[in-house]
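To start, the structure itself, in structure tokens.
The values are calculated or read from the model by the stated rules, or taken from the named source; none is laboratory data. Every value quoted in this text rests on a predicted model; they were computed, and no experiment measured them. We place every Cβ from the backbone using ideal geometry, glycine too, and count neighbours over all the protein chains shown. The area values use the complete protein model at the heavy-atom level, side chains included, leaving out ligands, DNA and RNA. Shrake-Rupley method; radii C 1.70, N 1.55, O 1.52, S 1.80 Å.
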Amino acid sequence: MNNHFILKKQAYLFIAAMALLWTSCKMERIAPVTESKKDLTGTWKVVQATRNGTNLLPIYDFTQFSIKFDATTGSYNLLNPVPFIVGADGKFSLDDPQYPYKLTFTAAGATPVATAFNYPIINGTRQIIMTFSPGCSQNTYVFTLSKTN
């Protein structure tokens, strides 16, 4: 009789524990957050530049170079050009306005040139990171740009 009582008590405890576990595990539905369109509008300066992993900032003066994007017209302007993915002003486009992975430049009178593209926030500042090989495919440049205005 005593074993029967203990088994019954354990069965009730097991059922109660299972009921608590079953009712405590609710699936919450989380609405996905809609990403805003990425806006490049403004003037951007080089804050980091490498070629094949070598830091170019001590070797080359990038302080005068900037690129100005105007999203309303889809154009860009180069100020004091440096060795870059394009050498003249023109148009730009993103492969996807919300989740861009590629930035395409079309210099005036030239064929479009696309580059890998990241748009992270680093230390509270929005940056553009581009990877490209202008001319020689043996050289890979990585430019990190930061918005100045």
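Taking the Cβ-Cβ separation of residue 95 and residue 70 as r and a Förster radius of 22 Å, what is the calculated FRET efficiency to the nearest 0.05?
Efficiency at R0 = 22 Å is approximately 0.70.
If you rank 54, 104 by how much accessible surface each has, with a 1.4 Å probe, what is the order from largest down?
54, 104
Which of the three applies to the range 77-118, rounded, prolate or oblate, going by the alpha-carbon gyration tensor with a ≥ b ≥ c and a/c under 1.5 meaning rounded?
Judged from the Cα gyration tensor, the range 77-118 comes out prolate (a/c at least 1.5, a/b above b/c).
Determine one quarter of the surface area of the Cα convex hull of the chain, which equals its mean projected area, and express it in nm² to one decimal.
16.2 nm²
Sort out the exposed loop chymotrypsin sites (Phe, Trp or Tyr not before Pro) in the chain (DSSP loop, at most 14 other Cβ within 10 Å) and tell me the longest stretch that has none.
1-59
Per-residue accessible area for residue 85 at 1.4 Å probe radius, Å² rounded to 10?
Approximately 20 Å² for this residue.
Could you sort 61, 39, 96 by accessible area so the largest value comes first, with the probe set to 1.4 Å?
61, 39, 96
Please say if the range 66-149 is rounded, prolate or oblate, where rounded means a/c under 1.5 for a ≥ b ≥ c the square roots of the C-alpha gyration tensor eigenvalues, and otherwise the choice is prolate for a/b larger than b/c and oblate otherwise?
Rounded is the answer for the range 66-149, as its axis ratio a/c remains below 1.5.
Roughly how many debye, to the nearest 20, is the charge dipole of the range 42-147 about its Cα centre, given +1 on each Lys and Arg Cβ, -1 on each Asp and Glu Cβ, and no other charges?
140 debye
Give the accessible surface of the range 16-149 per residue, rounded to a whole number of Å², with probe radius 1.4 Å and ligands, DNA and RNA excluded.
About 64 Å² of surface per residue is accessible.
Expressed as an acute angle from 0 to 90° and rounded to the nearest 10, what is the orientation of the C-alpha long axis of helix 2-24 relative to the principal long axis of the chain?
30 degrees
Give me the percent of accessible area attributable to carbon and sulfur for the chain, probe 1.4 angstrom.
59 percent
Residue separation times 0.36 nm, minus the C-alpha to C-alpha distance between residue 12 and residue 77: what's the value?
Going from the current span to full extension adds 15.8 nm.
I need the calculated FRET efficiency for the pair residue 104 and residue 139, taking r as the beta carbon distance and R₀ as 22 Å, to the nearest 0.05.
0.60
To the nearest 0.05, what FRET efficiency results for residue 61 and residue 30 with a Förster distance of 35 Å applied to their C-beta separation?
0.10
For 131, 50, give me the order by solvent-accessible area with a 1.4 Å probe, most accessible first, ignoring ligands, DNA and RNA.
Heavy-atom accessible area, descending, gives 131, 50.
Let me know the longest stretch in the chain that avoids all trypsin sites (Lys or Arg not before Pro) found in a DSSP loop with at most 15 other C-beta atoms within 10 Å.
38-149
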